[in-house]
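The values are calculated or read from the model by the stated rules, or taken from the named source; none is laboratory data. Being a predicted model, the structure only gives us computed values, none of them experimental. Every residue, glycine among them, receives a Cβ derived from its backbone with ideal geometry; neighbour counts consider all protein chains shown.
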Amino acid sequence: MVVSPLITIALSSHRLEMLPVADREMSKHEAVVLEEAPEPDFPAMLAGEVSIDAYLEDKDTEFPEYSREQLQLLRHHYRAGKAILQVEPYLARLLQIHELLLGGLHRAEVEARPGLQAVYEAESLAFRALLTFYTCAHTTPFLRVVAAVQNFAQADAARFRLRDTLRADSLLPLTARFRSLYVEAGFIHLYLVKALRRLLGGRARLRPVFLWASRSLAALSRPRPLGPGDLLTLHYIFQTPPSAHQEKLLAARSLIHIQLLDKNEFLSSSSPTPHLDNEILACRLTAQLSLEDCAALYPQIRKAGPEVAREIVMKYLKDSGGRRQEFEVSG
């Protein structure tokens, strides 16, 4: 009996606490596929010919400790005989666009290169929407800021759909090379599952896994702690927009939610998942806020650090009677 290939889509975030679970999942697969554009010195780093510190030296890593620990883990699996691949065509094309622009080519010349026009357009739309948000974030009426968040989420959703579609296309040939694939993906890349399922047509087993799902399920009754901004973006990605009021509410809550999150990497002696705990608390707090609550809180916390912002929101909720509302849009 021929067993069809297995593709595990491991949905997680780039946090240190995710690595032990990722390690266990990777060990069950023949190949590991990273959510990264190919780097020329990556094979030499895996083989130990280039040190991890030297490899990371010219890389723009948002989470350096995570990157360092992950590379150690990948080296271990590589030495155990696993294939380690970097497959992210959208990011690879984006890097190519930046290099061509730095080399002096004009936009029309760059877009004329095969495969680059759609990526250029998606990035341009998202960048303009983000710039509009930053321009009005601190100086315009709250509902205009909320509208700017909605516009950016729509542009971001189009970018994610394209990114996941391109990656699904690139993953498909790997099913002929490997019996099992561990595919790294961020929490929000649920469209990758849909795109792959459509391409595979039942020729491979597709297994989406949320790392640390058990902890999130216990706290939120959902397998990942997606904030209101990500929930709104997912509605746009799958083209199932909620009501006009819910759209505004999710966008407004996202302005509060982002201020509650710790940006720096850290470990905790009291919890194995400090970042996940932080995200769960932020979700719980913002789920209780109405549009009017968000309008009242935003000026108070938009320049505050996460710890102060959390204190302000918790005090606000306590003073207003500790209102509790259900999540109005499912994840």
* To do: Determine whether segment 120-140 contains at least one residue that is of a type outside the set (Gly, Ala, Ser), surrounded by 13 or more Cβ atoms within 10 Å (Cβ to Cβ) and more than 29 Å from Ile256 (Cα to Cα).
  => yes
* To do: Name the residue, out of His245, His235, that is in contact (Cβ under 8 Å) with a residue 60 or more places away in the chain and touching a helix residue (DSSP H, G or I) at 6+ places or on another chain (Cβ under 9 Å).
  => His235
* segment 146-194, residues that are among the β-branched types (Val, Ile, Thr) and either closer than 25 Å to His77 by Cβ or without any contact (Cβ under 8 Å) to a residue 24 or more places away in the chain (or both) -> Thr175, Val183, Val193
* **Residue in segment 124-139 that is in contact with a helix residue (DSSP H, G or I) (Cβ under 8 Å, 6 or more places away or on another chain), outside any helix (DSSP H, G or I) and modelled with pLDDT under 95 present** => yes
* Asked: Which of (1) β-branched (Val, Ile, Thr); (2) in a loop (DSSP other than H, G, I, E, B); (3) within 24 Å of Leu162 (Cβ to Cβ) does Val33 not meet, given it meets every other one?
  -> (2)
* Structure fact -> Given (1) crowded, with 17+ Cβ neighbours inside 10 Å; (2) of a type in the set (A, V, I, L, M, F, W, C); (3) modelled with pLDDT under 95, Leu162 misses just (3)
* Among Glu69, Glu49, Glu121, which is part of a helix (DSSP H, G or I), acidic (Asp, Glu), modelled with pLDDT of 95 or more and farther than 27 Å from Ser13 by Cβ? -> Glu121
* Which of the residues spanning segment 244-265 are within 27 Å of Tyr316 (Cα to Cα), assigned to a loop (DSSP other than H, G, I, E, B) and of a type outside the set (Lys, Arg)? -> Leu261, Asp262, Asn264
